[in-house]
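What follows is a set of notes on a single structure, which appears directly below.
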Amino acid sequence: MKQKWNLPLAITLMVVLALTRWPGLMPPNFSAVYGLAFCAGIYLPGPMAWWLPLTTLVISDLILNAYYYFWLGIDSFQSYQFVNYGVYFAIIGFGRHFSPRSSWFKLVGGGVLGAILFYFVTNTAAWFFNPFNHPEYTKDLTGWIIALTRGTAGWPETWELFRNTLFSGGLFTGLFAGAMKLSEAGETSEEESETEEAAPDSEEAAPDESRA
């Protein structure tokens, strides 16, 4: 059973997701996307869990590609971006197997697993889709290991990107799941207080047997 959701909180979630993708705002691969895609699967109801985060990702990608192309003269679109969307879809689906009532540690662990999935799949796709004559990503086990650990010359090494992916996946999952649990605890306390105030006083409600 999914937790009650409100539209302002869902919008806030997506704004944070989009802002952390802006170039230079965060270290490379340090993003709220992994954790918040996972949390969307946990907390967002029904179809909203799928279309809201995925639509946000597509729109933010279009804006980023336009920024790189028109301001920096770089065609940043790569065919394996579609692989990224597939992984985000899988992370949301993975989140659907968790409950808002799961422990905070279990939810953080799920967010970290989602980040690991993103790392392995996307770097494997980068290795696979690079040209066969690429000097580093040879199409063998050695090339695949290089793609997962060192990456392409001139860019941060892949293991550093993995570190950022792993840390941000756990961090943003922990922050959001913690906020949701605190909010749920506050709502429960308010409901209990209202119930106690609405209940009749047992002493006043009991009949006076001495007059029988």
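Could you work out the pair-distance distribution P(r) of the stretch 81-146 from its alpha-carbon pairs, with 10 angstrom bin width and percents rounded to whole numbers?
Spelled out per bin, shortest first, that is 20, 36, 26, 14, 4, 0.
For the stretch 134-177, what is one quarter of the convex hull surface built on the Cα atoms, given in nm²?
3.7 nm²
Can you work out the base-10 log of I(q)/I(0) for the stretch 7-186 at q = 0.09, 0.11 1/Å, using the Debye formula on its C-alpha atoms alone?
Debye intensities relative to I(0), on a log10 scale: -0.33, -0.49.
Taking 35 Å as R0, compute the FRET efficiency from the Cβ-Cβ separation of W71 and V16 and round it to 0.05.
0.90
Report the full-extension gain for the segment R163 to F129: residue separation times 0.36 nm, less the Cα-Cα distance, to one decimal in nm.
Computed gain between R163 and F129 is 9.9 nm.
Between A185 and Q78, what FRET efficiency follows from the Cβ-Cβ distance if R0 is 25 Å, with the result rounded to 0.05?
Once the sixth-power term is evaluated, E becomes 0.05.
Which peptide among 175-184, 22-31, 105-114 comes first, and what is the full order, when sorted by highest mean count of other Cβ atoms within 10 Å? If you can, show how the numbers build up before the last one.
Details: 175-184: 16.4, 22-31: 14.8, 105-114: 20.9.
Highest-to-lowest ranking by the protection proxy: 105-114, 175-184, 22-31.
The numbers here are math on the coordinates, done by the rules we state, and not lab data. What you see is a predicted model; the values in this text were computed from it and never measured. Using ideal geometry, Cβ is built from the backbone for each residue, glycine included, and neighbour counts are taken over all protein chains shown.
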